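Right, one structure below, let's go through it.
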Amino acid sequence: MDWREDRIGAAARGENPTLLAATPAGDAGMGDVQFLPGYCLLLSRNPDARALTELPRAERVQYLADADLLATAAERACRAHDPQFRRMNIEILGNTDAFVHTHIWPRYEWESDDIIRKPVWMYDADHWSDPAHELDARHDALRASITAELTALLAAEV
């Protein structure tokens, strides 16, 4: 089975190659596509929850706190790696994948005028499938920076 078919289970088994770090309520990873460098996701560890509201309240609050830490880590790393970093978008949708996960999208000044103020989902379909945008070794330095920032933030929470 391809790890993408069961992202939460693959993360639990250590088979998800995108993972950056474990958080108290989830697993943080880089996005499969990187047309916006630094795109990350937080996957809940609760495989039965199909929506954020299905997590017990304490788990939900921890999950949201973890999403905040991942977004902060990604923002710091993206800002350091690209002076045209603009802002961070945080989205919990679940319209396609019915498991609790959060998208952490960096946005940049170099994005075209017709898309910069719109949701990431408005990008052309080729951005999502073009091999030129796949997560690979080109993203190792940014990935290491996000991991270091997240690790430091998690340690400070203890």
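The values are calculated or read from the model by the stated rules, or taken from the named source; none is laboratory data. Bear in mind the structure is a predicted one, so any value in this text is a computation, not a measurement. We place every Cβ from the backbone using ideal geometry, glycine too, and count neighbours over all the protein chains shown. Just the protein is used for accessible areas: all its heavy atoms, side chains included, with ligands, DNA and RNA removed. Shrake-Rupley method; radii C 1.70, N 1.55, O 1.52, S 1.80 Å.
Accessible area, 1.4 Å probe, largest first: how do Ser44, Ser112, Ser145, Ser129 sort? Before the final figure, lay out each step's value.
Details: Ser44 0, Ser112 60, Ser145 35, Ser129 85 Å².
Greatest to least solvent exposure: Ser129, Ser112, Ser145, Ser44.
In whole percent, what relative contact order does region 1-117 give with Cα contacts below 8 Å and a gap of six or more residues?
On the way: 181 pairs, mean separation 27.9, N = 117.
This gives 24 percent for region 1-117.
Can you tell me the accessible area per residue over the chain, all protein chains present, probe 1.4 angstrom, in square angstrom?
Details: 8410 Å² over 158 residues.
The answer is 53 Å² per residue.
Which one of Ala132, Ala28, Ala65 has the biggest mean-square fluctuation once the chain is modelled by GNM with Cα springs under 10 Å?
Highest fluctuation of the listed residues: Ala132.
With viscosity set to 1.306 mPa s and temperature to 10 °C, compute the Stokes-Einstein D of the chain, Rh being the Kirkwood radius across alpha carbon pairs; µm²/s, no decimals. If you can, show how the numbers build up before the last one.
Working: Rh = 16.0 Å.
Estimated diffusion coefficient is 100 µm²/s.
If one takes the longest principal axis of the Cα atoms in the chain, at what angle in degrees, from 0 to 90 and to the nearest 10, does the Cα axis of helix 57-81 lie?
30 degrees
Can you tell me the 0 to 90 degree angle between the C-alpha axis of helix 140-157 and the longest principal axis of the chain, rounded to 10?
40 degrees
Say a site is exposed when it is one of the trypsin sites (Lys or Arg not before Pro), sits in a DSSP loop, and has at most 16 other Cβ atoms within 10 Å; what is then the longest site-free stretch of the chain? If you can, show how the numbers build up before the last one.
On the way: sites that count: Arg13, Arg50, Arg117.
Between the exposed loop sites, the longest stretch runs 51-116.
Top to bottom by accessible area (1.4 Å), largest first, where do Met122, Met30 land? Don't jump to the answer; show the numbers that get you there.
Working: Met122 115, Met30 0 Å².
Result of the area sort, largest leading: Met122, Met30.
For region 111-158 and region 21-98, what is the separation of their Cα centres, given in Å?
Each part reduced to its Cα centre gives a spacing of 11 Å.
Magnitude of the Cβ-charge dipole of the chain, K/R +1 and D/E -1, about the Cα centre, nearest 20 debye?
500 debye
For the chain, with all protein chains present and a 1.4 Å probe, just round the carbon and sulfur fraction of the accessible area to a whole percent. Intermediate results must be reported in sequence, preceding the final value.
Working: 4280 of 8410 Å².
Carbon with sulfur: 51 percent of the solvent-accessible area.
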